[in-house]
1. Can you tell me the order of 268-279, 333-344 when each peptide is scored by its average per-residue count of other Cβ atoms within 10 angstrom, highest first?
2. Please name whichever of His505, Ala31, Leu578 sits farthest to the positive end of the charge dipole of the chain, dipole taken about the Cα centre and charges placed at Cβ: Lys and Arg +1, Asp and Glu -1.
3. Once Rh for the stretch 420-478 is found with the Kirkwood sum over Cα pairs, what is the Stokes-Einstein diffusion coefficient at 20 °C and 1.002 mPa s, in µm²/s?
4. Need one number: the % of Cα-Cα pairs in the stretch 23-103 sitting beyond the 20 Å mark.
5. Once Rh is set to the Kirkwood radius over Cα pairs, what Stokes-Einstein translational diffusion coefficient, in µm²/s, holds for the stretch 455-586 at a temperature of 10 °C and a viscosity of 1.306 mPa s?
6. May I ask you to give the solvent-accessible area per residue for the chain, in square angstrom, as obtained with a 1.4 angstrom probe?
7. By the gyration tensor of its Cα atoms, with a ≥ b ≥ c the square roots of the eigenvalues, what is the shape of the stretch 275-333: rounded for a/c under 1.5, prolate for a/b over b/c, or oblate?
8. Name the residue from Thr251, Leu230, Thr301 whose Cα lies farthest towards the positive end of the charge dipole of the stretch 228-323, charges +1 on Cβ of Lys and Arg and -1 on Cβ of Asp and Glu.
Amino acid sequence: MSTPLEQWVDSVARLTRPAKIMWCSGSEEEAARIQEQMIREGHTVPLNDKTYPNCHLHRSDPSDVARTEKVTFICTRDRENAGPTNNWMAPADAKNTLTPLFDGSMKGRTMYVIPYIMGPSASPQSRIGVELTDSAYVVANMRIMSRMGNVALARLGNSDDFVPGLHSLGDLSPDRRFIAHFPEEKLIWSIGSGYGGNALLGKKCFALRIASWMAHEQGWMAEHMLILGLEAPSGKVTYMAAAFPSACGKTNLAMMVSALENEGYRVWTIGDDISWMQIGPDGYLHAINPEAGFFGVAPGTNEKTNPNVMAALRKNTIFTNTALTTRNEPWWEGMDHNPPADMLDWQGRPWSSSSGPAAQANSRYTVPAVQTPSISPRWEDPGGVPISAFILGGRRARLAPLVYEATSWQHGVYIAATMASETTAATTGAVGVTRRDPMAMLPFCGYNMADYFGHWLEMGRNIPHPPKIFHVNWFRKGDDGKFLWPGYGENVRVLKWMLERIEGHAAATETPIGIVPTPDALTLDGLSVTRKTMEELLSVDPAAWTKEHADVGTFFQGFGERLPAELRDEHRRLGERLRRVPTGSK
Ligand code: SAT
Ligand code: MN
């Protein structure tokens, strides 16, 4: 009798017709063979053996360098369950469209069977997935990003309790590229892309889109959040999970080198992208990082912005679409000030300063989490870590104060549901346009987002000790257009205030939008931020917020009747509070 997994592998092999099937064990010897295969295929080169041992540079197809949201689908029987923020296809239509593309798509190639665990191997909060792929690059990345191979097979046994994900490069044509999710079957089909979140199916496809659906069904949370621990001078560590839209420094915050280290405050890293959280026996929400590695953006990463990851990626790392120096080392914009001479750009062409960026803007490193000097001793704790705070954020040049706190869980859900960020030059399109990105989950929520808001509200009713909810904005600018707050390692000063709020002794004042620190509540020793700047950073401008309030009203209309009544109430109450502020006051 074959197992459910063997039956599925057989049926996929009949469709895709690979020359060979290889079951991945996860061994070192196998990893070496996969690397050799990648090098033979011609898009991967080994890097400097002395300075970057066991590291590789991979160049993807130039048309295949980022996630493609336009061809990402949630395939539920009822269109309403995918909701207004997702692309939808009926499951049967999706299968009819994609089956011919998979038909014979692996001919002459190897089909790799990758059993993997999302989460620490021994954690009851972890879940199993199996990815079938014809890409050796995917195997090499999944090996870093998940617990893969025999460890997963052993945990699965003969069970059918795994999320199947079928992936094929197809012909890499953008016209025949689809990333389809079938949440009702907990199934993923992806074809036509070899890149990141399109192809490493454990990451956004499973750990966010499918997992958010499972979490809704089963009463837990799958969130696009980093997880960090803030250690206080007493040695006590307080855990926080944070959601930011892209380009707001999530990885840097997770690995921050604290500016208050001499005073005994340091930051420990548990995860940089995804958090799975479940109510623990102690009544706290307990978080695990479902991933085992970091798939981070390279450009802008340097000794100042993220020294921990710079130390981590000196071995066992896959670089994707970075430039290559004559020393056979990776390079990207923002790594240092002086681009080395005679580099090859991310497409392997000779580069000169007039030929545009040397590294692709979305070039990446894939690095084992355990190599990060700041990795928490509890990062693989099977019980997860108890979360005391949710931090939400965005990039708002003028509007949001440096930090404010929700007055209740329900108010916090309102803040999360209305999160927004202004576009930067790094994102395509116009600069400075406000984009709403609720919970930073807009591209990753596997069901109707209005129901997802409802799920957050429901969780708040069920968690005996819910995390406090904060909103931060590291990006506020003064009238001169310069950032008011220094950011990076100095952000620990804001985390310290949160810690004191959690412990119940930090100074704060109530404003219409929430609870804001008094100008002297943050520890500013050793920092040249004046009191006037602090006041500006913490100010709430009722006129600007009245405009924001109207904009949120329009945004909420998009969810129609399904928007939870609690959020309508919060919205109405914010409007009332803003109207009560005497005009002209700040
Ligand atoms: O490509 S990934 O989805 O893994 C990373 C990202 O785009 O956020
Ligand atoms: Mn992400």
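1. Per-residue Cβ counts within 10 Å, averaged per peptide and sorted highest first, yield 268-279, 333-344.
2. Of His505, Ala31, Leu578, it is Leu578.
3. The calculation lands on 151 µm²/s.
4. The proportion of pairs with Cα distances above 20 Å equals 61 percent.
5. My calculation gives 93 µm²/s for D.
6. Averaged over the residues of the chain, the accessible area is 39 Å².
7. Here the stretch 275-333 falls in the prolate category.
8. It is Thr301.
The values are calculated or read from the model by the stated rules, or taken from the named source; none is laboratory data. Please read these numbers as outputs of a predicted model, since none were measured by experiment. In this analysis, Cβ positions are derived from the backbone assuming ideal geometry, glycine residues included, and neighbour counts consider all displayed protein chains. Side chains included, ligands, DNA and RNA excluded: accessible areas come from the protein's heavy atoms. Shrake-Rupley method; radii C 1.70, N 1.55, O 1.52, S 1.80 Å.
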